[in-house]
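The values are calculated or read from the model by the stated rules, or taken from the named source; none is laboratory data. A quick note: this is a predicted structure, and the numbers were derived from the prediction, not measured. Note that we place each Cβ from the backbone using ideal geometry, even for glycine, and neighbour counts take in every protein chain shown.
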Amino acid sequence: MHRDEVLVRLSPRGVTRLTGAAARAVAGSGTPEPDGWTRARVPVESPDDAHARFLALGADAEVLEPPELRARLARTARMLAQRYGAGYTDADTDGDGGDRRVPLRLDPPSAGGRGGERVRRAPRCS
């Protein structure tokens, strides 16, 4: 039983990843936007269900409403970025828009310094 609705924007890939009532809702009443994404109201069973469902879609979904769910997803995204992002940066090495994780390297200690004052990218590997 679906008790709540969530207003979302979905990438073309995000639309294809939906199943069940959510997929039917998007197919039946989703509104295409100029950037190729689709805006739709999607039924969800609970706030926890909605959090898990849209977190699983990652960057292929943007929750617009309710604001409490959007804030919860933002907190989760920050925690994940801290956990998985420490020591790495994103790089688009071939220009195709895809990301590749690149280790960061701290500068070695300088005379009288503690080291690590500046962060720079590791050299590009061939």
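Just one of 104, 80 is surrounded by 10 or more Cβ atoms within 10 Å (Cβ to Cβ), over 23 Å from residue 3 (Cα atoms), in contact with a Phe, Trp or Tyr (Cβ under 8 Å, 6 or more places away or on another chain) and at pLDDT below 95; which is it?
Within the list 104, 80, the selection yields 104.
Could you run through region 1-25 and say how many residues are touching a Gly at 6+ places or on another chain (Cβ under 9 Å) and either loosely packed, with under 15 Cβ neighbours inside 10 Å or over 22 Å from residue 79 (Cα atoms) (or both)?
Adding up the residues that qualify gives 5.
List the helices (runs of 4 or more DSSP H) inside region 1-79, counting only whole elements, that have at least 2 residues being under 17 Å from the mean Cα position of the chain (by Cα).
Where helices (runs of 4 or more DSSP H) fall fully within region 1-79 and carry at least 2 residues being under 17 Å from the mean Cα position of the chain (by Cα), they are 12-17, 47-57.
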